[in-house]
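Have a look at the structure below before the remarks.
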Amino acid sequence: MVLGYSVQTNVLTMVADAIKSQVPALDKAIGDLQSACNNWSSGALGSIVGGGLAVDWPTGQDFGVMLDMIAKGFIPVATQIADLHIDAVRKLADTASHYAETENRNYQAMQEGLNDGVPVIPPGTYRYTAGTADVPPGVDEVPRVVQQVAIKPGGGLTPTHVTYMNWQEIMSVLHNLEPGPCRECGGLLLALGRELSRVAEQVADGGERLAQNWQGQAAAEAINAFQAMYDQTATLAAEATQAGNVLNWVGNDVLPAFQEIPSPALASGLIEFFRTHVEGNGTLSAAGGDLAGNAKAQVAAEQYLTALDNYLDQAYNAIPSPIAGTPGS
């Protein structure tokens, strides 16, 4: 046990106020993500596919499930971190009040002549009390590790058997891709990451201030708690930023590119075939179908969907999971 302490109580209050000032913006970022999640279409698959024969596209279905898990995973973890910071602020303010009351009592005692010959030091400045255990209540109760949450399905994305779909079905899937929710979720996660980073920076600055202006057993415990808070907040900030960047890439670059791919029939001869072989009553003539054109279209469409699956697999592997894993925990 460390006996005695030195503290500047107004620094404790300043640190608490500075951290508290950052939490409302963090709460707003969490609320924005929650609101968007509530507004997205029901069912995970609808989050990246607006229509078409999506049920035949298992890779996309799995990615949709992950998108749903990402949003619903970051919300409670970030909320827990925000709550922990509010709790830490309250405890730090309580500790400052505890010290202030002690200083006031000592100051009054000195003024009343109970400690003749001892210099009278006004409350709020550096104080030292030799031989007194410094253990204000509650300072060592800040949780060190938040709950870890998985935000993507285990085992990777299910491969799509492209040969089970004809080229028209594949193109229907591609042309009905819906990049909006993915793009929106990515942007909201980047905003969440920025706010978490700001809170983490404030906690780091607060921990340095405490270390410079507060010594003793309670100080050591509080500074350790601040270090743990910084670690978990900075970690979640990095994870939110990473997930946001990945979803931004998918929503802004990958899905729109495949959504805009023209039907392979335009280059296969199918369109010209229908123009020249459809009779006046709207039925095909006996000339038969464009088998070569269909085969070329099928090969091209399968290549498109396989390439999209590969991009989604890259995105899956780049998403961190589980989240809120504090280093060393």
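Selection of the stretch 191-212 for residues being modelled with pLDDT of 95 or more and among the basic types (K, R) yields R194, R198.
Meeting the requirement of 2 or more residues that are at pLDDT below 65 and crowded, with 18+ Cβ neighbours inside 10 Å, the helices (runs of 4 or more DSSP H) wholly within the stretch 242-319 are 265-268, 270-277. Residue-level analysis places T326 outside the set of residues that are modelled with pLDDT under 70, of a type in the set (V, I, T), surrounded by fewer than 19 Cβ atoms within 10 Å (Cβ to Cβ) and farther than 30 Å from A71 by Cβ. Selection of first residues in the stretch 77-91 that are modelled with pLDDT under 90 and of second residues that are part of a helix (DSSP H, G or I) and crowded, with 16+ Cβ neighbours inside 10 Å, restricted to Cβ pairs under 6 Å at least 6 apart or on distinct chains, gives the following pairs, ordered by first then second residue: V89/A16; V89/I19; V89/K20.
Of all the numbered requirements in (1) among the aliphatic types (A, V, I, L, M); (2) closer than 30 Å to V15 by Cα; (3) out of contact with any His (no Cβ under 7 Å at 6 or more places or on another chain), V199 misses one, and that requirement is (3). Tally the residues that are modelled with pLDDT of 90 or more, surrounded by fewer than 23 Cβ atoms within 10 Å (Cβ to Cβ) and more than 18 Å from Y304 (Cβ to Cβ), restricting the search to the stretch 170-185. So the count comes out to 2. All told, A219 falls short of being part of a helix (DSSP H, G or I), of a type outside the set (S, T, N, Q) and closer than 28 Å to G31 by Cα.
The values are calculated or read from the model by the stated rules, or taken from the named source; none is laboratory data. As the structure is a computational prediction, the values presented were derived from the model and not from experiment. So basically every Cβ, Gly included, is an ideal-geometry build from the backbone, and we count neighbours across all protein chains shown.
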